[in-house]
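Every read-out reported here was derived from the displayed coordinates using simple, explicitly stated rules and does not represent laboratory data. Predicted model, so just to flag it, every value in this text is computed and none were measured. All Cβ positions, even for glycine, are placed from backbone atoms using ideal geometry, and neighbour counts span all protein chains on display.
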Amino acid sequence: MSENKQHPDEKRRRQKNATDSTDVVSKRKDLRKKEDKIVGKIILVIALTLLIIGCVFGFTVYRYIDSGLKPLDPENEQLVSIEIPSGSSNKQIGEILEQDHIIKSGIVFNYYTKFKNMTGFQAGFYQLAPNMTLDEIGKQLQEGGTSEPTEVADGKITIPEGYDAEQIAERVAKITGKDKQEFLDLLKNEAFFTELTQKYPDLLESAAKAENTKYRLEGYLFPATYDYYKDMSLKDLIIQMVNKTNTVLQPYFSTIKQQNHTVQEIMTLASLIEKEGVSESDRKNIARVFFNRIDIGMPLQSDISILYALGEHKEFVSYEDTAVDSPYNLYTNKGYGPGPFNSPSEAAIQAVIEPAENDYYYFVADISTGEVYFAKTYEEHMELVQKYVNN
């Protein structure tokens, strides 16, 4: 018998081993598939768990931030006296406000003021209430408090930027219960105005020389937040507002004189720019447009002057409106007119004192975007009007 010839039993044994090996491999594959499925399920469960936790955490954070952005107690007008030490950071101020129960979250205050680029918070004593928004609180902190603690006021009166005398009178009447007409009469009272002029000569000297003004003190009631006391007279309140205007303009009086302008002229243009432009660059360019027009004897042609002359607040000014018979109509009258049309912000005042350099005589705003476009000629201007207003 040949030595290479396999014994039948040996052949069967090898075949069986091969089969067993194949079965082992197959079982291992099946086992691996089962393990992969189990691992996949575990990963899925972990992923879903993490997703749920993430959603819950995100929702919780959202609720926390959303709640922190709202007033602590919208119904609570009770003022609280607090002190902001010198050198306090936004974070430290937020902690003080939270501890004194003015806001819900010092953390939210810190990040919100940084996000809104609120800077220039001043040290001092403040009177704040739980119903105030973060913006209102931030604005007050920028305006500054008092060097010493004062008697807690009965309320706050906030005058928005760009409010005219009648709007201010309405707000004062609503908050204090005082008579609106009494407030307006004081703004026209010559004896009272003379008292104020003697007290604030740099501020009101040019206003005293103005003719045909509707309200002597129009434009000089600075937009800010004021403390109100029940026993305070309307005269005292107006003095407080005029004093604030004088304080804000104090650094600019010498510059205004050097530029051969009057405070009345600066405040008049600032009141127009307060309504005509939003960004700093637009306001500075608009200020130069107005000066360019005045230099060549061209009317300012501001719709703001027409609305003031009409005594109305509306979105569009018609051609018929521009013919209104009033010294405040800057379509038919050249120059600055009698005086301011509202109470401008310091930013608008700065834009007039420090205008941009340009040779534009026209500007128009896209009513949908607020973007302002400037032109040198009337033809260019009308093309911009057709493109951004009429269409």
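Numbers for the structure displayed
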{"read-out": "Neighbour net charge for residue 315 - beta-carbon separation under 15 angstrom, K R +1, D E -1", "value": "-3"}
{"read-out": "Estimated distance in nm for a label pair at residue 117 and residue 255, the labels positioned 7 Å out from Cα along Cα-to-Cβ", "value": "1.9"}
{"read-out": "Karplus 3J(HN,Hα) series, Hz, for region 165-178 with 6.51 cos²θ - 1.76 cosθ + 1.60 (x for Gly, Pro)", "value": "4, 5, 5, 5, 4, 5, 5, 4, 5, 5, 7, 9, x, 6"}
{"read-out": "Karplus (6.51, -1.76, 1.60) ³J(HN,Hα), θ = phi - 60°, over region 65-78, in Hz, Gly and Pro reported as x", "value": "5, 4, 5, x, 7, 8, x, 4, 8, x, 8, 9, 9, 5"}
{"read-out": "Summed residue charge, Cβ within 9 Å of residue 302's Cβ, Lys/Arg positive, Asp/Glu negative", "value": "-1"}
{"read-out": "Nonlocal amide H pairs with residue 155, under 5 Å, H built at 1.01 Å", "value": "228"}
{"read-out": "Computed label-point distance, nm, for sites residue 42 and residue 69 using a 7 Å Cα→Cβ extension", "value": "4.2"}
{"read-out": "Degrees between helix 234-249 axis and first principal axis of the chain (Cα, 0 to 90, nearest 10)", "value": "70"}
{"read-out": "Kirkwood Rh in Å, taken over all unlike Cα pairs in region 237-391", "value": "16.2"}
{"read-out": "Structure-based [θ]222 nm, the chain - -39500 (n - 2.57) summed over DSSP H runs of at least 4, per residue, nearest 500", "value": "-17000 deg cm²/dmol"}
{"read-out": "Built amide H within the under 5 Å cut-off of residue 225, gap 5+", "value": "159"}
{"read-out": "Whole-Hz ³J(HN,Hα) from phi, Karplus 6.51 cos²θ - 1.76 cosθ + 1.60, for region 105-113, glycine and proline x", "value": "9, x, 5, 4, 4, 4, 6, 5, 5"}
{"read-out": "Within-12-Å neighbourhood charge of residue 68 [Cβ basis; K, R +1; D, E -1]", "value": "+1"}
{"read-out": "Given 70/275; 180/284; 178/314; 70/387; 70/174; 139/209, the pairs whose alpha carbons are separated by over 30 Å", "value": "180/284; 70/387; 139/209"}
{"read-out": "Relative pair counts by distance (%), Cα atoms of region 64-127, 5 Å bins", "value": "4, 18, 27, 28, 18, 6, 0"}
{"read-out": "Amide H contacts under 5 Å for residue 144, placed H, 5+ residues apart", "value": "122"}
{"read-out": "Anisotropy class of region 130-187 from Cα gyration tensor, a/c 1.5 cut", "value": "prolate"}
{"read-out": "Options [x] 151; [y] 139; [z] 292 - which one matches volume of the Cα convex hull per residue in Å³ as calculated here", "value": "[z]"}
{"read-out": "Spacing of the two label points (7 Å from each Cα toward its C-beta) at residue 28 and residue 56, in nm", "value": "4.3"}
